[in-house]
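Working notes, beginning with the structure itself.
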Amino acid sequence: IGMAQVAKAKADGYNVLMALSSVVVLPEADKVLKRAPMFTLEQLKPVARFTAALRQDPRNAAAHGNLGNVAAMAGRRDDAVRHYQQALALKPDSSTWYNLATLQRELGRSTEAIASYTRAVELNATNADAQAMLGFLLAQAGRREDAARHLRLALQARPDHAQAKAWLEAVLAMPATR
């Protein structure tokens with residue numbers, strides 16, 4: 001049975017694929033197929049640890065969050081979203097909300113991303129990157145005052161945040177809406 005069949009055959013095929021790949025299956029398949037490796041062996045080791053941690057304790061929020069990061073880097077966005085949501089259901093934290101929001105933004109789900117960035121800054125108001133991205137998305141949504149407030153909070157948290165500064169200047173140059 002091929003690795004693709006394993007991944008498609010089970011609802012948790014990604015976890016199976018990642019667990020099996022840590023043994024060397026994917027690196028060997030990459031050699032045989034003469035393709036660039038999806039992961040290096042060094043990258044697979046943490047995946048095996050996170051997967052093992054979830055087998056031991058399916059309620060391990062950190063393992064879900066870390067698998068979300070790995071899935072996002074591998075382009076497995078649906079798997080990443082699922083892992084982030086599972087992590088957040090178990091233990092909400094600012095960085096996981098930020099990661100989920102960033103993925104939602106990349107997928108073009110601005111409304112969801114605004115809600116997730118909002119949760120991230122509610123849990124950690126000094127998360128300058130979350131404040132800046134929230135400000136940026138609010139500006140795109142035409143919410144100038146809210147955008148400016150979050151961009152100022154980003155700069156308050158990190159005065160050298162060049163992107164937040166540039167976005168704030170652009171937002172302040174926008175005509176006020178009535």
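The values are calculated or read from the model by the stated rules, or taken from the named source; none is laboratory data. Everything numeric here is computed off the predicted structure, so don't read it as measured data. Ideal geometry is used to build each Cβ from the backbone, glycine not excepted, and the neighbour counts take in all protein chains shown. These area figures cover heavy atoms from the full protein model, side chains too; ligands, DNA and RNA do not enter into them. Shrake-Rupley method; radii C 1.70, N 1.55, O 1.52, S 1.80 Å.
Exactly which trypsin sites (Lys or Arg not before Pro) in segment 49-146 are in a DSSP loop and have at most 16 other Cβ atoms within 10 Å?
Qualifying residues, ordered by number: Arg59, Arg109.
First select every other residue whose beta carbon is under 12 angstrom from the beta carbon of Ala63; then total the charges, Lys and Arg +1, Asp and Glu -1.
Summing Lys and Arg as +1 and Asp and Glu as -1 gives +3.
Could you list, bin by bin from short to long, the percent of Cα-Cα pairs of segment 132-173 in 10 Å steps?
For segment 132-173, the binned pair fractions read 39, 56, 5 percent.
Largest first, how would Asp79, Asp146, Asp160 line up by accessible area (1.4 Å probe)?
Greatest to least solvent exposure: Asp160, Asp146, Asp79.
Please report the base-10 log of the normalised intensity I(q)/I(0) for segment 40-178, using a Debye sum with one equal scatterer per alpha carbon and no solvent, at each q in 0.14, 0.18, 0.22 (1/Å).
Normalising to I(0) and taking log10 leaves -0.67, -0.95, -1.19.
Along its three principal axes, how long is segment 78-158 when you only count alpha carbons? Whole Å, largest extent first please.
If we take the Cα atoms of segment 78-158, the spans are 34, 24, 15 Å.
Would you tell me the accessible area of Thr111, worked out with a 1.4 angstrom probe on the heavy atoms of the protein chains, in Å² to the nearest 10?
Number for this one is 120 Å².
Multiply the residue separation of Lys165 and Arg152 by 0.36 nm, subtract the distance between their alpha-carbon atoms, and state the gained length in nm to one decimal.
Result for the pair: 3.9 nm of gain on full extension.
Order Met133, Met174, Met73 by their accessible area, 1.4 angstrom probe, all chains in place, largest first.
If we order Met133, Met174, Met73 from most to least accessible, we get Met73, Met174, Met133.
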